[in-house]
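One structure is given below, encoded as structure tokens.
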Amino acid sequence: MHDLLPPWPLFSAFLLASLVLAVTPGPGVFYILARSLLQGRRHGLASVAGVALGNFGNAVGAAIGLAALFAVSSLAFSVVKYAGAAYLVYLGVQALRAPDVVADPAATPAHSLGRIFRDGCLVALLNPKTALFFAAFLPQFMTPHSSHAAQSVALGAVFVLIAAASDTAYALAAGRVAPLLRRAGHWRRAGRWLTGGAFIGLGALAALTGAKAPPAP
């Protein structure tokens, strides 16, 4: 355990910094809010799980040097970045094409939850800036004589758990609002356009933003 986690004073500083970053809204939070508002709490929680898995994948990637590859290879970074941006735009277009009638979430086929989970995972995983964020943030709290790869993965897992707890709170809050919006017919079309516009806007932002300062996931 000594090799996996830093001493308590350093670890407590890591926990505090992680909590502050986790509650700050980013692309993952906006994705989760959009899903929760449009489709309800269960779909929001499925997106939380998907985003958490994608973020953990980036933490592992940072630990094994993927972030270093992105830092030195503009081509590798660009390929993943634009793939992620294109996927966000695709999700936005799909939301805009959805029918105005919003079904009861309880009647939604179970397989759609798996699709929401997959989409959330890809949204997080196809964001190379998340791997760069982990590569820049985690070493600040690592001890010099530890197993760097193992400690990086452990700290990344802790950060993902904190972020997942924060994202769950966002999803539950938005899920409580969703039934009210579904009962208000004139809000249905507005919600669909808001969701689609949010995804397309996030895709455009991901494509146009440079790599100088990787943000928190």
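Across all directions, the average flat footprint of the convex hull enclosing the Cα atoms of segment 1-68 is 6.0 nm². Listed values for segment 5-21 are Karplus-derived 3J(HN,Hα) couplings in whole Hz (6.51 cos²θ - 1.76 cosθ + 1.60, θ = phi - 60°), namely 10, x, x, 3, x, 6, 5, 5, 5, 5, 4, 5, 5, 5, 5, 4, 5, and x replaces Gly and Pro. Taking other Cβ atoms within 10 Å as a rough exposure proxy, T168, T130 sort from fewest to most as T168, T130. For segment 77-83, the Karplus equation 6.51 cos²θ - 1.76 cosθ + 1.60, evaluated at θ = phi - 60°, returns couplings of 4, 5, 4, 5, 4, 6, 5 Hz by residue, with Gly and Pro reported as x.
Bear in mind that the values in this text are calculations on the coordinates, not laboratory data. A quick note: this is a predicted structure, and the numbers were derived from the prediction, not measured. Using ideal geometry, Cβ is built from the backbone for each residue, glycine included, and neighbour counts are taken over all protein chains shown.
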